[in-house]
1. Can you give me the three principal axis dimensions of the range 78-117 from its C-alpha atoms, in Å, biggest first?
2. For the chain, what are the per-bin percents of Cα-Cα distances with bins 10 Å wide, up to the bin holding the maximum?
3. Across bins of 5 angstrom width beginning at 0, how are the C-alpha pair distances of the range 1-131 distributed, in whole percent?
4. Compute the helix-to-body angle for 136-148: its Cα long axis versus the longest principal axis of the chain, expressed 0 to 90° and rounded to tens.
5. Would you please calculate the Kirkwood hydrodynamic radius of the range 138-191 over all C-alpha pairs and express it in Å, rounded to one decimal?
6. Using the reciprocal of the averaged 1/r over all distinct C-alpha pairs, how large is the Kirkwood radius of the range 111-163 in Å?
7. Could you tell me the ratio Rg/Rh of the range 187-233? Both radii from Cα atoms, Rh via Kirkwood.
8. Computed over the Cα atoms, what is the radius of gyration of the range 54-189 divided by 2.2 N^0.38 Å, N being its residue count?
């Protein structure tokens, strides 16, 4: 579904991604593991079109998309749940979700709204409340729900467990696993490497802008280098 070849990206003159190549097959959960500053968020932003690339190719569903603008990639079927959730705090839950469908050509979104509220009952109870008044866990659910409103084929999840209590982290990862059962493909960036790799079909380890290790989720969990550097074992 997603193929990245020799991707490089810069902030000014500083190159932060150095020839990254990776693949995500349809229906997979693929986890990208790395330390802070390794280039994980930059890679997701490059895929979604909000971060320019210096060289390389991005193909999605057998079509080159690296020349498309961000909203065009959303229309093709890619939605990103950004780091820090970035909900529209002054707007209601309902309005946040409706904005997720902004790029869609159709206006029949009620069924999708109903489905999001069925998936996240806590949001249904607060649909008229401004998003800034939600808890961190509820805001994360809202950010995921907003992405679902675009009817994506691929969801890019950036640090979905950041700042959440352990019980909420478990709930969020259960939700992510549930998205896969619905047929969605997921590229997951997550500091909680143990939890992320436990639900991943495959994973990549990125260090200083380069992919250094790849394997199945189980293989990476058992890899001594990954265990030492990212699992604290």
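Bear in mind that the values in this text are calculations on the coordinates, not laboratory data. Values in this document were obtained by computation on a predicted structure and should not be read as measured data.
1. Principal extents (largest minus smallest coordinate, Cα): 29, 23, 16 Å.
2. The distribution over the chain is 8, 33, 37, 19, 3, 0, given as percents.
3. Reading the bins upward from 0: 2, 9, 16, 19, 17, 14, 12, 8, 3, 0.
4. It works out to around 90 degrees.
5. Computed over Cα pairs of the range 138-191, the Kirkwood hydrodynamic radius comes out at 11.4 Å.
6. Working: mean 1/r = 0.0858 Å⁻¹.
Kirkwood radius, the range 111-163: 11.7 Å.
7. Using only Cα positions, Rg/Rh for the range 187-233 is 0.91.
8. 1.04
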